[in-house]
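Undergrad: Supplied in structure tokens, the structure appears directly below.
The values are calculated or read from the model by the stated rules, or taken from the named source; none is laboratory data. Please read all numbers here as calculations on a predicted model, not as lab measurements. Because the Cβ atoms are built from the backbone with ideal geometry, glycine has one as well, and the counts that use them run over all protein chains shown.
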């Protein structure tokens, strides 16, 4: 789970380098294509063998894939990283709060919420479309957690996530071609977008599926609070963005809450 979050944040920092040339839509399109190719090759989904129930889960997850990154990136473009990340985190936080039957999980989830706000320090805005897109990203992230867990139970290996990535990638073919036609990418820009597809889509989708077979969805929701921490650390190491003392205080609070949640014994999850 730590590896998934780190891969996501490194990929996002690389993908952002392509924004000035192809914009968020172009980067997301290439990401979805790369994720589809990689995950189909790894999962080798048997499309013709899928039942109606399995197809509904695959299509639901594909829709989440298609909307999640685009809504987040567009929200970041309109309202800034801090507010967009805070709004998106409401998704896994809701999963953690609504799904937990243990007091310690509720306490940890409530503890990390103000720390995420402190770390990202969102600014006030009247861009309601940007706010709305951030909330759409939150809904997608919550749906991603729950659907990924269910699809892991219904389909063997990584067939489900591979099929969903393939459908999502196909949906972005006309959109991506139009964007790239009007905004031709340079080789470097294309390389950044491809790297983002591998690091921020293919790797996390696969790792999260395997993780959700082993941990409860509400715990996964709490643990996703490490993403703002990893984003801050990647920004420090890769982009030389210095952290203020309040940032380190927020990071300490988030890491401590996650450590407490991890340390508590919990019943084994059937795989």
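This table checks each residue for (1) in contact with a strand residue (DSSP E or B) (Cβ under 9 Å, 6 or more places away or on another chain); (2) buried (at least 18 other Cβ atoms within 10 Å of the Cβ); (3) modelled with pLDDT of 85 or more.
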{"site": "63", "(1), (2), (3)": "no, no, yes"}
{"site": "76", "(1), (2), (3)": "no, yes, no"}
{"site": "81", "(1), (2), (3)": "no, yes, no"}
{"site": "97", "(1), (2), (3)": "no, no, no"}
{"site": "100", "(1), (2), (3)": "no, yes, no"}
{"site": "108", "(1), (2), (3)": "no, yes, no"}
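Undergrad: Report, by residue number, each residue of region 113-147 that is modelled with pLDDT under 85 and buried (at least 22 other Cβ atoms within 10 Å of the Cβ).
TA: Scanning region 113-147 gives 119, 120.
Undergrad: Would you call residue 6 at pLDDT below 90 and within 29 Å of residue 184 (Cβ to Cβ)? Break it down into steps so the answer makes sense when it comes.
TA: On the way: at pLDDT below 90: yes; within 29 Å of residue 184 (Cβ to Cβ): no.
No.
Undergrad: Got at least one residue in region 99-113 being in contact with a helix residue (DSSP H, G or I) (Cβ under 9 Å, 6 or more places away or on another chain) and under 30 Å from residue 159 (Cβ atoms)? It would help to see each step written out before you state the result.
TA: Quick first cut of region 99-113, residues in contact with a helix residue (DSSP H, G or I) (Cβ under 9 Å, 6 or more places away or on another chain) only: 99-102, 104-113.
Narrowing the set further to residues that are under 30 Å from residue 159 (Cβ atoms) leaves 99-100.
Scanning region 99-113 turns up at least one residue that is in contact with a helix residue (DSSP H, G or I) (Cβ under 9 Å, 6 or more places away or on another chain) and under 30 Å from residue 159 (Cβ atoms).
Undergrad: State the number of residues belonging to region 12-42 that are at pLDDT 85 or above and under 16 Å from residue 65 (Cβ atoms).
TA: 17
Undergrad: From the list 196, 202, 165, 217, which residue is more than 23 Å from residue 40 (Cα to Cα) and either modelled with pLDDT under 90 or under 14 Å from the mean Cα position of the chain (by Cα) (or both)? Steps first, please.
TA: Numbers: 196 fails: more than 23 Å from residue 40 (Cα to Cα); 202 fails: more than 23 Å from residue 40 (Cα to Cα); 165 fails: more than 23 Å from residue 40 (Cα to Cα).
Residue meeting the stated conditions: 217.
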